[in-house]
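Participant: What follows is a structure written as structure tokens; I'll ask about it next.
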Amino acid sequence: MNYIEHVGKYFIMLGQVFKPPQRLRVFREALFREVEQLGIKSIGIISFISFFIGGVIALQTALNISDPLIPKMLIGFATKRSIILEFAPTFCSIILAGKVGSYITSSIGSMRVTEQIDALEIMGVNSLNYLVLPKIIATVFFYPFLIILGMFLGVYGGWVAGLLSNMFTEIDYIAGIQYDFDPYLIMYALIKTVIFAFIIATVPSYHGYYVQGGSLGVGKASTQSVVWTTVLIVVANYFLTQMLLT
Amino acid sequence: MIEVKDIHKSFGEAKVLKGISTSFKPGDTNLIIGQSGAGKTVFLKSLLGLHVPEEGTIVYDGKVNKEMSIEEKRDFRQELGMVFQGSALFDSLNVEQNVIFPLKMFTKQTREAMLERANFVLKRVDLENSNKKLPSELSGGMQKRVAIARAIVMKPKYLFCDEPNSGLDPSTSILIDNLIKEITEEYQITTVINTHDMNSVMEIGDKIVFLKNGVKAWEGSSKVIFKTDNQDVVDFVYSSNLFKKVREAYLNDN
């Protein structure tokens, strides 16, 4: 199957996904389950990585500013901008593509190879709608909160790094954070996050739903889904940046 | 009652079903047998509506498969129960949630009514006190029983089973066979089973359809299969020495 066929099949899949849920109470339960699996269970990894990467960005910036004419508050400013513009929305989404993407592909793929999807279809359930729509809603609505948490902890991590290393003062760092604060940049990051969340939910679902072969096929599909999700996030990031910031 | 009239099904150049006609009565345990590649699975999936035959019709109690509207097909699916070869229980749901799932999806019953029905069918398949267990915590035989409970929870008119004995030890196989037979008679369900298990053929085959290369090569009951002189059936059913001896003994006695 060539790439164009995959793209066509992906959009046909989305056509089946975006239909009204057959039973609202079943959909609600599935949605809460997905919020827990895809969102709440990702808080730990996002918090951990954001905090330490924020610290590293602050330290790297401090280490690379040797000119005494450059104000130290630039460290806080650069850390804030790096985290809000790229690290939190893009880097965290790539981490989520690995963690959540492989989970989605393997869980749906396992359902395919063990005939659970056939069982749903025979019952008269729209399996794509039942399996994929709650994942899209859960990621699209929950990931912005996760990314805001990542932003906060990244900036906080930079502040803690400064305190522990004595490479810059708390006053300089906070002044840098407050300097030239543009709320549109937060909006830009959140718009990117929503689109990345959609990619994270749908591309791995596609790979899982149409998996072929047994458990080996599920393993291959998981790897492919992480690769393609990452590629699409990176490409979408480029175009979104050009559209929203230039 | 399911009436199959001259159905044909191909996949590309390969003709898998070549004009099969037969009928399955309610209350009977109907078995489809045949070698691998004979077309059993495609035939079963055609009965389930997962494959659409290019020619011929399948009539379910007067309802013709090709004439059903989308809404009628959706309603019709709720009259089907299916037991898969690997049970196909939903991994993330426990036993009770698996059995309740079709009720939740297609009825507006209260939670209490659904639980009552789930407990009733679980009791019917001799699986009490396992409601909160996940499928991974159950043995193969218990998983099959949950699958049967889930298949009958909506009171289906038609029950389809794909290799219900595969992977089970002989005594559990007999239990599952007997359970399917009892349920079929008790609720007057039209049951169609796809099987390779010759014990099932001998024990519960009210009607047996033997497929060979996509055509119906023979049909009859477990009572007459001993006496058949159809060489294809004899070669397939009595391929083991044990069954050959059983058949010889039967023929000598009669």
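Participant: Taking chain A as the reference, fit the longest principal axis to its C-alpha atoms, fit the long axis of helix A:43-64 to the helix C-alpha atoms, and give the angle between the two in degrees, 0 to 90, nearest 10.
Facilitator: 30 degrees
Participant: A further question follows. Take every residue in peptide B:149-156, count the Cβ atoms of other chains within 10 Å of its Cβ, and give the average of those counts.
Facilitator: Working: counts 0, 2, 3, 0, 0, 2, 0, 0.
Across B:149-156, the average partner-chain Cβ count within 10 Å equals 1.
Participant: Could you check how many percent of all C-alpha pairs in segment B:142-254 are farther apart than 24 Å?
Facilitator: 30 percent
Participant: Now a separate question. Give me Rg/Rg_expected for segment B:128-174, where Rg uses Cα atoms only and Rg_expected = 2.2 N^0.38 Å with N residues.
Facilitator: Values: Rg = 11.6 Å, N = 47, 2.2 N^0.38 = 9.5 Å.
Taking N as the residue count of segment B:128-174, the ratio is 1.22.
Participant: For segment B:1-70, compute the orientation-averaged projected area of the C-alpha convex hull (one quarter of its surface), in nm².
Facilitator: Its average projected convex-hull area is 5.0 nm².
Participant: Once R0 is set to 22 Å, what does the formula 1/(1 + (r/R0)^6) return for the Cβ-Cβ distance between B:Thr110 and A:Gln22, expressed as a FRET efficiency to the nearest 0.05?
Facilitator: Plugging the Cβ-Cβ distance into 1/(1 + (r/R0)^6) gives 0.70.
Participant: With no solvent and one equal point scatterer placed on each C-alpha of segment A:35-168, evaluate the Debye formula and give log10 I(q)/I(0) for q = 0.10, 0.21 Å⁻¹, two decimals.
Facilitator: Evaluating at q = 0.10, 0.21 Å⁻¹ gives log10 I(q)/I(0) of -0.45, -1.11.
Participant: Right, here's the next one. Give me the inter-chain shielding for A:104-112: mean count of other chain Cβ atoms within 10 Å, whole number please.
Facilitator: Mean shielding by partner chains, rounded to a whole number: 1.
Participant: Another question, if that's okay. Mind listing the long-range amide H neighbours of B:Val83? Cut-off is under 5 Å, sequence gap 5 or more, other chains count too, H placed in the peptide plane at 1.01 Å from N.
Facilitator: When sequence neighbours closer than 5 places are left aside, the close amide H contacts are B:Phe160, B:Cys161, B:Asp162.
Participant: So, one more: For chain B, set up a Gaussian network in which alpha carbons nearer than 10 Å are linked by springs, and say which option among B:Gln85, B:Gln143, B:Gln231 fluctuates the most.
Facilitator: Of B:Gln85, B:Gln143, B:Gln231, the Gaussian network model singles out B:Gln231 as fluctuating most.
Participant: Ordered by residue, what ³J(HN,Hα) values in Hz, to whole numbers, does segment B:185-201 give under the Karplus form 6.51 cos²θ - 1.76 cosθ + 1.60, where θ = phi - 60° and Gly and Pro are x?
Facilitator: Per-residue couplings from phi come out as 6, 4, 9, 6, 8, 8, 10, 10, 10, 9, 9, 10, 7, 6, 5, 4, 4 Hz.
Participant: To the nearest whole number, what is the average tally of beta carbon atoms from other chains within 10 Å of the beta carbons of peptide B:96-107?
Facilitator: 3
Participant: In nm, give the distance between the simple-model label positions of B:Lys15 and A:Phe152, each being 7 Å from the Cα along the Cα-to-Cβ direction.
Facilitator: Reported label-point gap for B:Lys15 and A:Phe152 is 7.0 nm.
Participant: While we're looking at this one, here's another question. Mind computing the radius of gyration and Dmax over the alpha-carbon atoms of segment B:1-145? Å is fine for both.
Facilitator: Over segment B:1-145's Cα set, Rg and Dmax evaluate to 18.0, 52 Å.
Participant: Over segment B:86-212, what is the relative contact order in whole percent, taking alpha-carbon pairs under 8 Å and six or more residues apart?
Facilitator: This gives 25 percent for segment B:86-212.
Participant: Considering Cα pairs under 8 angstrom that are at least six residues apart, work out the relative contact order of chain B and quote it in whole percent.
Facilitator: RCO, chain B: 28 percent.
Participant: Further, regarding this structure: Provide the percentage of antiparallel DSSP beta bridges, counting only those with both residues in the protein assembly as shown; round to the nearest 5.
Facilitator: 55 percent
Participant: In Å and on Cα atoms, what radius of gyration and Dmax does the protein assembly as shown show?
Facilitator: For the protein assembly as shown, the Cα-based Rg and Dmax read 29.7, 111 Å.
Participant: Tell me the relative contact order for chain A as a rounded percent, counting alpha carbon contacts under 8 Å between residues six or more apart.
Facilitator: Rounded, it is 34 percent for chain A.
Participant: Additional query: Obtain the nm distance between the two label points defined at B:Glu72 and B:Ser36 by a simple spin-label model: each point lies 7 Å from its Cα along the Cα-to-C-beta direction.
Facilitator: 3.9 nm
Participant: Additional query: Once the Cα atoms of helix B:111-124 and of chain B are each reduced to a long axis, what angle between those two axes, in degrees from 0 to 90 to the nearest 10, is obtained?
Facilitator: Roughly 30 degrees between the two axes.
Participant: Can I ask one more? What FRET efficiency comes out for B:Met1 versus A:Val231 if R0 is 41 angstrom and r is the Cβ-Cβ distance? Round to the nearest 0.05. Kindly include the intermediate steps, with their values, before the conclusion.
Facilitator: On the way: r = 54 Å, r/R0 = 1.33.
According to the calculation, E is roughly 0.15.
Participant: Can I ask one more? Just to check, using Stokes-Einstein with a Kirkwood Rh over alpha carbon pairs, what's the diffusion coefficient of chain B at 10 °C and 1.306 mPa s in µm²/s? Don't jump to the answer; show the numbers that get you there.
Facilitator: Numbers: Rh = 19.1 Å.
In µm²/s, the coefficient rounds to 83.
Participant: What nm distance separates the two modelled labels at A:Tyr10 and A:Gln212, each placed 7 Å from Cα along Cα→Cβ?
Facilitator: That separation, rounded to one decimal, is 1.8 nm.
Participant: Separation of segment A:79-120 and segment B:141-198 by C-alpha centroid, Å?
Facilitator: 38 Å
We did not get these values from a lab; they are worked out from the coordinates using the rules stated. None of these values were measured; they are calculated from a predicted model. Quick reminder, even Gly has a Cβ in these numbers, built from the backbone with ideal geometry, and neighbours come from all protein chains shown.
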